[in-house]
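Trainee: Take this structure, written in structure tokens, and hold onto it; I'll ask about it next.
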Amino acid sequence: MNPPSHNALNVDSLTSMRADVGLTELITAFEKKYTEIKLESCDYTYNLKDKNYKCKKSKKLVKKFKHEFVETYRDTSLFNKIIKSKKTKILVIYGASHYYGLFVEFYASKKNKISKI
């Protein structure tokens with residue numbers, strides 16, 4: 001899902017920033033921690049969301065990648081950017097599934113830079 005435009009949110013595009021982590025950074029971090037992702041021949045045949053997807057090695061990697069990097073890594077990265085920001089007003093547009101992870105980061109940090117999440 002794409003976020004609303006800056007104009008729709010009445011946000012100044014000159015002072016805003018994209019704080020999310022890109023796919024390249026996620027993959028690089030994953031490969032650095034674990035191993036290089038090597039695709040099987042069936043990976044070129046099926047889409048990951050295909051009901052007939054049967055690539056066993058890839059399925060295990062996808063599950064680990066989704067939880068540890070698509071969720072946790074991105075939540076931690078966003079948290080660090082918020083904490084390091086010198087801005088007094090911060091608007092975060094983020095998927096609902098990330099709310100809990102970001103909340104946990106703030107709760108664990110004891111650096112209550114913002115009053116409500």
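The values are calculated or read from the model by the stated rules, or taken from the named source; none is laboratory data. Just so we're clear, the structure is a prediction, and the values are computed from it rather than from any experiment. Reconstructed Cβ throughout: ideal geometry from the backbone, glycine too, with neighbour counts over all protein chains shown.
Per-residue answers, yes or no, for (1) in contact with a strand residue (DSSP E or B) (Cβ under 8 Å, 6 or more places away or on another chain); (2) exposed (fewer than 12 other Cβ atoms within 10 Å of the Cβ); (3) of a type in the set (D, E, K, R); (4) closer than 30 Å to Cys55 by Cα:
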residue	(1), (2), (3), (4)
Ser5	no, yes, no, no
Leu23	no, yes, no, yes
Lys32	no, yes, yes, yes
Cys42	no, no, no, yes
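Trainee: Okay, next question. Could you run through the range 76-97 and say how many residues are among the aromatic types (Phe, Trp, Tyr) and assigned to a helix (DSSP H, G or I)? Walk me through it before giving the result.
Mentor: Step one: filter the range 76-97 for residues among the aromatic types (Phe, Trp, Tyr), giving 79, 94.
With the extra rule that they be assigned to a helix (DSSP H, G or I), the set shrinks to 79.
Matching residues across the range 76-97 total 1.
Trainee: Can you say whether Lys63 is part of a helix (DSSP H, G or I) and over 17 Å from Val21 (Cβ atoms), as far as the supplied structure shows? It would help to see each step written out before you state the result.
Mentor: Numbers: part of a helix (DSSP H, G or I): yes; over 17 Å from Val21 (Cβ atoms): yes.
The answer is yes for Lys63.
Trainee: Can you give me the number of residues within the range 11-37 that are aromatic (Phe, Trp, Tyr) and assigned to a loop (DSSP other than H, G, I, E, B)? Explain how you work it out, then say what you get.
Mentor: Going residue by residue through the range 11-37, those that are aromatic (Phe, Trp, Tyr) are 30, 34.
Applying the additional criterion that residues be assigned to a loop (DSSP other than H, G, I, E, B) yields 34.
The number of residues fulfilling the criteria is 1.
Trainee: Among (1) modelled with pLDDT of 85 or more; (2) in contact with a Leu (Cβ under 7 Å, 6 or more places away or on another chain), which single condition is Lys81 missing?
Mentor: Unmet for Lys81, out of (1) modelled with pLDDT of 85 or more; (2) in contact with a Leu (Cβ under 7 Å, 6 or more places away or on another chain): (2).
Trainee: Give all pairs with beta carbons closer than 7 Å in which a residue from the range 33-62 that is free of Cβ contacts under 8 Å to residues at least 24 places away in the same chain meets a residue that is part of a loop (DSSP other than H, G, I, E, B) and among the charged types (D, E, K, R); count only pairs at least 6 apart in sequence or on separate chains.
Mentor: As it stands, the answer is Cys42/Lys54; Cys55/Glu40; Lys57/Glu40; Ser58/Glu40, since those pairs meet every condition given.
Trainee: Condition check: without any contact (Cβ under 8 Å) to a residue 60 or more places away in the chain, hydroxyl-bearing (Ser, Thr, Tyr) and not in a helix (DSSP H, G or I). Does Tyr73 satisfy that?
Mentor: Numbers: without any contact (Cβ under 8 Å) to a residue 60 or more places away in the chain: yes; hydroxyl-bearing (Ser, Thr, Tyr): yes; not in a helix (DSSP H, G or I): no.
Considered against the rule, which asks whether it is without any contact (Cβ under 8 Å) to a residue 60 or more places away in the chain, hydroxyl-bearing (Ser, Thr, Tyr) and not in a helix (DSSP H, G or I), Tyr73 comes out as no.
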